[in-house]
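Working notes for the structure below.
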Amino acid sequence: MTDELRGDPATVRDAIERADPLPGSTGFAGRVDGRLVRDILGREPLFVDADDSADEGRAWAFEPAPLEDPVLFPAGAAAAADEPLPQPESHWSLPDPEPRAPERALTSLEQAIETAADAALGTDRDIAVAFSGGVDSALVAELLDAPLYVVGFPDSHDVEAARTAADAMGRELTVVDLEPADLERAVPEVVRATGRTNAMDVQIALPLYLVGERVAADGFDALAVGQGADELFGGYEKVVRLDHRVAAETVRGAVREGIRSLPDQLPRDVLTIEATGLEPVAPLLHDAVIEAALRLPDELLADAEERKRGFRRVAADYLPAEVAQRDKKAVQYGSLVARELDRLARQAGYKRRIDDHVDKYVAALCSDGPTERD
């Protein structure tokens with residue numbers, strides 16, 4: 001395979017030479033100068049064949065389907081493409097800078113978000129926004145001034161939240177109403193694109209796929225999302241509770257753990273959107289935003305009273321207060337996709353008393369043969 005790279009080759013070469021993990025990009029992956037590379041947060045997917053021999057070079061691809069035994073190439077790695085890569089060493093590491101004073105940190109974050117929005121708008125793409133009504137997608141929608149699309153079942157939280165947020169912002173909204181048959185049809189497509197069959201990943205990917213289908217049918221080139229905000233800015237309950245789900249003993253440390261989880265999550269979302277024929281756009285995952293987020297002090301992250309405090313302060317300069325302060329549900333729950341997929345599984349005979357009953361139902365939808373049920 002000839003050199004192929006997602007990202008600007010000059011930027012990637014410079015990042016390799018200087019070991020700069022945040023060179024001002026929106027992520028990169030592929031092969032350059034005989035090396036396989038993937039950026040520090042894994043914003044672009046890259047897979048290698050775990051069973052491949054080094055005799056003719058390691059097989060690799062941007063999606064799992066072409067490979068016999070695909071595994072994710074580690075984020076932050078750069079290694080010769082013609083050598084076995086059981087576990088290549090990291091070339092880049094996630095920075096751990098000293099936090100800035102609060103006012104300076106907020107100013108830097110706002111500038112970084114505007115830089116990211118300008119970069120997204122600087123390409124010749126017709127963009128729509130996957131809009132849940134939460135602060136993350138609302139800020140992306142406002143900065144990009146792009147059409148809003150929400151997906152969900154008619155009585156879902158996300159549809160209602162998106163309607164009220166769009167009204168507050170004075171924006172029009174396209175609602176993609178779902179039916180159970182949409183899930184049955186889309187599950188095999190999502191599994192084929194992502195290579196993932198576990199219920200949680202499929203439930204998260206389904207709303208992205210179904211809203212992407214509609215956006216593509218309406219003639220757009222790209223789908224913008226608010227991905228990354230919860231990880232970067234302290235949006236999860238666990239970073240405040242510091243419970244069994246995190247190893248860190250501080251909020252800032254727990255946020256860094258969340259950021260390190262992105263390389264495994266993002267390929268699912270990128271591949272799902274690409275499967276609809278759209279280009280993913282994630283302004284909040286621009287290097288400038290990541291660098292600014294890493295410098296937020298504890299008081300601008302999260303506590304028992306408020307999560308994503310610094311991010312909300314910046315968003316309040318662009319959005320109505322009721323939108324900037326709004327909490328959101330995870331997309332699989334807010335859209336009711338998780339509920340409906342569970343209901344379909346039970347209707348098909350996969351009862352909740354069966355271990356991983358939704359996983360088994362997903363496997364059945366993707367298989368022509370019989371699958372165990374109770």
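Couple of notes before you dig in:
- Among the residues of region 86-109, those that are over 30 Å from Asp49 (Cβ atoms), crowded, with 17+ Cβ neighbours inside 10 Å and not basic (Lys, Arg) comprise Ala105, Leu106, Ser108, Leu109.
- The residues of region 223-247 that are hydrophobic (A, V, I, L, M, F, W, C) and under 22 Å from Pro263 (Cβ atoms), listed by number, are Leu223, Ala224, Val225, Ala229, Leu232, Phe233, Val239, Val246, Ala247.
- With respect to being at pLDDT 95 or above, part of a helix (DSSP H, G or I) and charged (D, E, K, R), Arg171 falls outside the description.
- Meets criteria (modelled with pLDDT under 95, within 22 Å of the chain's Cα centre (by Cα), part of a loop (DSSP other than H, G, I, E, B) and over 29 Å from Pro147 (Cβ atoms)) for Arg245: yes
- When Gly253 is tested against (1) in a helix (DSSP H, G or I); (2) within 19 Å of the chain's Cα centre (by Cα), exactly one condition is not met: (2).
- Just one of the listed residues (Ala166, Ala205) is free of Cβ contacts under 8 Å to residues at least 40 places away in the same chain, part of a helix (DSSP H, G or I) and either of a type outside the set (Ser, Thr, Tyr) or touching a Leu at 6+ places or on another chain (Cβ under 8 Å) (or both), namely Ala166.
- Any hit, region 229-239, residues being over 29 Å from Gly195 (Cβ atoms) and free of Cβ contacts under 8 Å to residues at least 12 places away in the same chain: no
- Residues located in region 194-214, provided they are more than 20 Å from Glu279 (Cα to Cα) and of a type in the set (Ser, Thr, Tyr): Thr197
- Any hit, region 127-148, residues being of a type in the set (Ser, Thr, Tyr), more than 24 Å from Ser261 (Cα to Cα) and out of contact with any Asp or Glu (no Cβ under 8 Å at 6 or more places or on another chain): no
- Filtered residues of region 12-33 (kept if open to solvent by 40 Å² or more (accessible area, probe 1.4 Å) and closer than 19 Å to Pro280 by Cβ): Gly24, Thr26
- Meets criteria (buried (at least 16 other Cβ atoms within 10 Å of the Cβ), of a type outside the set (Asp, Glu) and at pLDDT 95 or above) for Arg58: no
- Taken over region 145-170, the residue count meeting the criterion of being buried (at least 18 other Cβ atoms within 10 Å of the Cβ) and farther than 30 Å from Phe47 by Cβ is 14.
- Candidate set: region 179-195, residues that are open to solvent by 10 Å² or more (accessible area, probe 1.4 Å) and among the hydrophobic types (A, V, I, L, M, F, W, C); chosen: the one nearest to Asp269 (Cα to Cα): Ala193
- Residue that is most open to solvent (accessible area, probe 1.4 Å), among those in region 320-341 that are over 9 Å from Gln203 (Cβ atoms) and touching a Lys or Arg at 6+ places or on another chain (Cβ under 8 Å): Asp327
- The one condition in (1) surrounded by 24 or more Cβ atoms within 10 Å (Cβ to Cβ); (2) polar (S, T, N, Q); (3) closer than 19 Å to Leu72 by Cα that Gln227 fails to fulfil: (3)
- In region 235-256, the residues that are hydrophobic (A, V, I, L, M, F, W, C) and buried (at least 22 other Cβ atoms within 10 Å of the Cβ): Val239, Ala254, Val255
The values are calculated or read from the model by the stated rules, or taken from the named source; none is laboratory data. Please read these numbers as outputs of a predicted model, since none were measured by experiment. Glycine also receives a Cβ, built like all others from the backbone with ideal geometry; neighbour counts cover every protein chain displayed. These area figures cover heavy atoms from the full protein model, side chains too; ligands, DNA and RNA do not enter into them. Shrake-Rupley method; radii C 1.70, N 1.55, O 1.52, S 1.80 Å.
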